[in-house]
1. Whole Å is fine, so just give me how far the alpha carbon centre of region 38-75 lies from that of region 141-171.
2. Within the set of other residues whose C-beta is less than 15 Å from the C-beta of Glu38, count the net charge using Lys and Arg as +1 and Asp and Glu as -1.
3. Kirkwood Rh over Cα pairs of the chain into Stokes-Einstein at 20 °C, 1.002 mPa s: D in µm²/s?
4. Taking the Cβ of Glu327 as the center, what net charge do the other residues with Cβ under 11 Å away carry, scoring Lys and Arg +1 and Asp and Glu -1?
5. Give me the number: length gained by fully extending Trp248 to Lys334, i.e. 0.36 nm times residue separation minus the C-alpha to C-alpha distance, one decimal in nm.
6. When a footprinting reagent is the concern and you count Cβ atoms within 10 Å, what order do Trp112, Trp313 take, fewest first?
7. What does the charge add up to near Ser81, with Lys and Arg as +1, Asp and Glu as -1, over the other residues with Cβ less than 11 Å from its Cβ?
8. Where does each of Phe191, Phe287, Phe119 land when they are ranked from fewest to most other beta-carbon atoms within 10 angstrom?
Amino acid sequence: MRKEVVLITGANGEIGHGLMEYLGKSEDVQIVALDIQELDEELRPYCYRFVQGDILDNMLLGRLVSEYEIRTIYHLASILSTRAEYNPEAAHRVNVEGTLNLLKLAVEQAEWQGRSVKFIYPSSIAAYGLPYLERKNRAGKVKEDEWLTPQTMYGCNKLYCEHLGRYYARYYKQLGADSGTSKIDFRCLRFPGLISAFTLPSGGTSDFGPEMLHQAAQGLPYNCFVRADACLPFMVMPDAVKSLVDLWAAPRENLNRLVYNVTSFSVTAEDIYTIVARSFPDVVVTFEPDARRQKIVDSWPSEIDDQAARDDWGWEPDYDLEQAFEEYLIPNIKDRYRSKK
Ligand code: SER
């Protein structure tokens, strides 16, 4: 008998840290974690097995298929928006070909098991692309089917992988004799910028939010790479994990879409500065916008509409702006850096 497991790719990344800790604490989940980098020691106790390797390595994925009965895949591995612009073709390989490999793995698993495999995929506000700032400012809350003209490689990759997920779930090998029997239960969230008290993202464009906070908490100055009025939607990590797990748990028949926006609060870089300065009054933040990264932020919506998620599976964030900072970020971040001193 093969062991029943949940496979998490990109386990050592930002979301991976939050999700591993959450799932790892529940006794009935056995996690097989995959990451190209060594796994953080703190996460070791949460996984049944850690495999260091590349999602582009089909031999490795093949071995996982033969060793485990994978019931759910959280496919988190990705190259984020800023980093992807430095090597778009490499980003495409990881973000798209890597996702294709995992979808294929899911198909093989589902065929073996004769039942569906859940494929949980985090997409992003980067899937949107508003043509210019003034249009962004007039756009209001953007719904899932609007403004799908991304300007970054990462955004193009995420949007295309959403389509791949839909294809694998609904149309896979549609001309074959056993067409219509795909057992991939693809479920996707479009995340806003994420902020964790414990980890920092790397290579993203919404990183100015978390970076400002973490620098301030360490008593370090921060030179913000976007204008003070740059506005994006954000969410804290416990809510991101909650949304992944809640979407996973939702009854399939309640889901009217494959892709859902989720969000919590929308803030400008200056709002973040004001809130951070309340707790760390000595913080020195300067604004020196990098025109190219600013342009990416200007193409992402200030607000996204998550009504469909609320209606279909009862989505609601636990933390609004005030609670995010006062109850989660500030206390935990103070502890984190105090204990590192
Ligand atoms: N946080 C991501 C980035 O900035 C967006 O999903 O690339």
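1. About 26 Å separates the Cα centre of region 38-75 from the one of region 141-171.
2. With Lys, Arg at +1 and Asp, Glu at -1, the net is -3.
3. It diffuses with D of about 104 µm²/s by this estimate.
4. Summing Lys/Arg as +1 and Asp/Glu as -1 gives -4.
5. Roughly 27.7 nm would be gained on extension.
6. In order of increasing Cβ crowding within 10 Å: Trp112, Trp313.
7. Details: positive: Arg83, Lys158, Arg293; negative: Glu85, Asp207.
So the environment of Ser81 carries a net charge of +1.
8. Numbers: Phe191 24, Phe287 17, Phe119 27.
Ascending Cβ contact count within 10 Å gives the list Phe287, Phe191, Phe119.
Only the coordinates and a few stated rules stand behind these numbers; no lab work does. Everything numeric in this text was worked out from a predicted model, so none of it was measured. Here Cβ is always computed from backbone atoms with ideal geometry, including for glycine, and neighbour counts include all displayed protein chains.
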